[in-house]
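Since the structure comes first, as structure tokens, the remarks are kept for the end.
The values are calculated or read from the model by the stated rules, or taken from the named source; none is laboratory data. Because the structure is a prediction, the values reported are computed rather than measured. Using ideal geometry, Cβ is built from the backbone for each residue, glycine included, and neighbour counts are taken over all protein chains shown. Accessible surface is based on the protein model in full, side chains and every heavy atom, while ligands, DNA and RNA are left aside. Shrake-Rupley method; radii C 1.70, N 1.55, O 1.52, S 1.80 Å.
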Amino acid sequence: FAALALLGCLFASAADPAEPFAIDLEVRAGKASQTAHAESAAPDAKPQERAVLEVKAGDRITVQWKLKNTDAAAKLEDVTVHFFAVREEAVGRPAGKKLTKGVIAESALSMDFGPGDKNEGELNFTIDNPGVYLFRVETLGAVAGPAGHESFAALDVKAR
């Protein structure tokens with residue numbers, strides 16, 4: 001029985017795909033900064049607690065992200081790299097599906113990712129009003145890859 005259980009564990013772990021993307025999202029305002037890293041958007045994935053960066057309303061915000069295809073063999077075609085900053089009701093709220101209200105910045109780029117290919121982006125803007133904002137960079141269209149799910153990195157910004 002123990003050998004059968006061990007064999008089952010080996011097959012289960014071999015079938016678990018690694019994250020298809022390494023993602024780093026950094027948000028800076030003055031000397032303060034926070035960084036978030038890749039998470040799985042798979043249906044069974046448990047979201048991590050998001051870091052919070054506190055800034056003053058009116059501060060210049062710099063957002064940088066880096067994505068890299070970590071699969072040594074897979075080509076992921078027509079993947080959209082999507083960044084957005086949206087006002088939220090409270091820190092740690094799950095990301096909504098539609099961005100219809102409260103968006104203060106958004107960027108999208110579609111590209112093919114060969115093995116090891118990277119994408120980097122940077123945006124600069126200000127948050128004019130106090131409140132809580134979700135900053136998130138995500139893949140859209142990567143579900144066709146070997147992992148079968150999207151990846152993202154997210155953090156909260158609290159403007160006072």
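Loop-resident GluC sites (Glu not before Pro) (DSSP state other than H, G, I, E or B) in the stretch 81-141 with no more than 16 further Cβ atoms inside 10 Å of their Cβ: GLU89. With viscosity set to 0.692 mPa s at 37 °C, what whole-number translational diffusion coefficient in µm²/s follows for the chain from Stokes-Einstein and a Kirkwood radius over Cα pairs? Once the numbers are plugged in, D ends up at 195 µm²/s. What pairs from LYS75/LYS98; LYS68/LYS98; LYS68/LYS101; LYS75/LYS101; LYS31/LYS66; LYS68/LYS158 go past 23 Å between their alpha carbons? Going by Cα-Cα distance, LYS75/LYS98; LYS68/LYS98; LYS68/LYS101; LYS75/LYS101; LYS68/LYS158 fall outside the 23 Å limit.
Under a model in which nothing but the beta-carbon of Lys, Arg (+1) and Asp, Glu (-1) is charged, the stretch 12-160 shows a dipole of about 640 debye around its Cα centre. Within the accessible surface of the chain, defined with a 1.4 Å probe on protein heavy atoms only, the carbon and sulfur portion equals 52 percent. Taking amide H as placed 1.01 Å from N in the peptide plane, the amide H of GLN34 sits under 5 Å from that of VAL27, each at least 5 places away or on another chain.
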